[in-house]
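Here the structure is laid out as structure tokens; the discussion comes afterwards.
Read the figures in this text as sums done on the coordinates, not as results from a lab. This one's a predicted model, so the numbers in the text were calculated from it and none came from an experiment. Counting neighbours? That spans all protein chains shown, and the Cβs are built from the backbone with ideal geometry, glycine included.
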Amino acid sequence: MNEQTPGTRTAGAEPGGGAAAPRALGGDSSGVPRWLDLIQRFGAVILLLLVCVIFSILEPESFATWQNARTILQQEAVLACLALGLLLPIAVGEFDLSVGYVLGFSAVIAASLGGESGMSGGLVIPIVLLSGLAIGTFNGILVAKFKIHSLIATLGVGFAVSGATIGVSGGTTLFQGIPPIIPDLSNTEIFGLKSAVWIVFALAFVLYLVLDFTPFGRRIYAVGGSERVARLAGVRTDGIKIAAFAIAGGMAAVAGILQLGQAGGASSAFGINLLLPAFAAIFLGATAIKPGVFNVWGTVIAILLLAAGFTGLGLQGVPLWVEPIFDGAILLIAVLVTRRENRTLGGA
């Protein structure tokens, strides 16, 4: 990848080889008025609230209900899990096109092991998670050690994983013998929400702590900002990249398990349609909370914004085929805005 990637920072070195945490765009240090800085940081939150208010007025009996909010949160849990994992390779300046295929593979493997092999959930889940981590690690090695462009490497791995998924499933939906713990992980009611929502929230919180408050997180951003500078500062850039891809694969496996639990069956088509929305959410999220930085809560807010917007449009009778157009347009706009903010930072 290029030494400078839109949405990441060129970070200085810390004593001991760490890299300085990326600073958010705006605020007094860049000469931006405080009120404008707040709009930059929380514009997506304001827009989300505005969307909710508009559709609540237009559809008060269907949109403005707890049941609708609950449904949106539960439906977006799998996408959020996938996007949070994908956030890490993007933060180090790379791309991972295999995560959607890994999601489908993980769901199919879990269903196959539980059904045909009769394994217990206590064995199935670790095997699936290790499979996702292994695929992610392999991606990272191809990119970091063999210097294959991440788009090519992960696309090739994704196609291979897709073939394996079809081979295991036989092109059919697997739904028999799924270990009970898997639907329980997704569907257990906790404080009015299904457990999948709480699991993803917990993962998001942990990832936020890791990226914002640990040396590993600072090195992630340093590598994404400038790999050469990070290497000169003593950061083991190859190891950081491999770890980022490994975590993305592991998170895709978690998403596959949650998808299997929610759907009650596994199909080789799982996950592929979530890749574009995940990219759109990550780049849109880089315009919020910490503008110009790929960040956890910005990504979460972007997912909710996209979901609320399309749910409201659906209630207005907009056909389903509009959704991929909507997601694609949001991705392009978000990339352009992120690039602009990155240039602004560079000139600050």
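The figures follow:
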item	result
Hits in segment 175-191 (condition: assigned to a helix (DSSP H, G or I) and of a type outside the set (S, T, N, Q))	181, 182, 183, 184, 185
Residue among 245, 216 that alone is out of contact with any Gly (no Cβ under 8 Å at 6 or more places or on another chain) and part of a helix (DSSP H, G or I)	216
Output for segment 182-195, where each listed residue is surrounded by 16 or more Cβ atoms within 10 Å (Cβ to Cβ), touching a residue at least 60 places away in the same chain (Cβ under 8 Å) and either farther than 14 Å from residue 265 by Cβ or out of contact with any strand residue (DSSP E or B) (no Cβ under 7 Å at 6 or more places or on another chain) (or both)	182, 183, 185, 193, 194
Condition check for residue 223: more than 21 Å from residue 84 (Cα to Cα), of a type outside the set (Ser, Thr, Tyr) and surrounded by 16 or more Cβ atoms within 10 Å (Cβ to Cβ)	no
Criterion: surrounded by fewer than 19 Cβ atoms within 10 Å (Cβ to Cβ) and not aliphatic (A, V, I, L, M) - qualifying residue of 112, 150, 117	117
Inter-residue pairs, beta-carbon under 9 Å, first closer than 22 Å to residue 129 by Cα and in segment 58-84, second in a loop (DSSP other than H, G, I, E, B) and not hydrophobic (A, V, I, L, M, F, W, C), 6+ apart	78/271; 82/271
Every residue from segment 141-174 that is assigned to a helix (DSSP H, G or I), among the hydrophobic types (A, V, I, L, M, F, W, C) and touching a residue at least 40 places away in the same chain (Cβ under 8 Å)	141, 143, 144, 151, 155, 157, 159, 161, 164, 166, 168
Members of segment 91-140 that are polar (S, T, N, Q), in a helix (DSSP H, G or I) and more than 30 Å from residue 291 (Cβ to Cβ)	106, 112, 131, 137
Members of segment 228-239 that are buried (at least 24 other Cβ atoms within 10 Å of the Cβ) and within 18 Å of residue 141 (Cα to Cα)	235
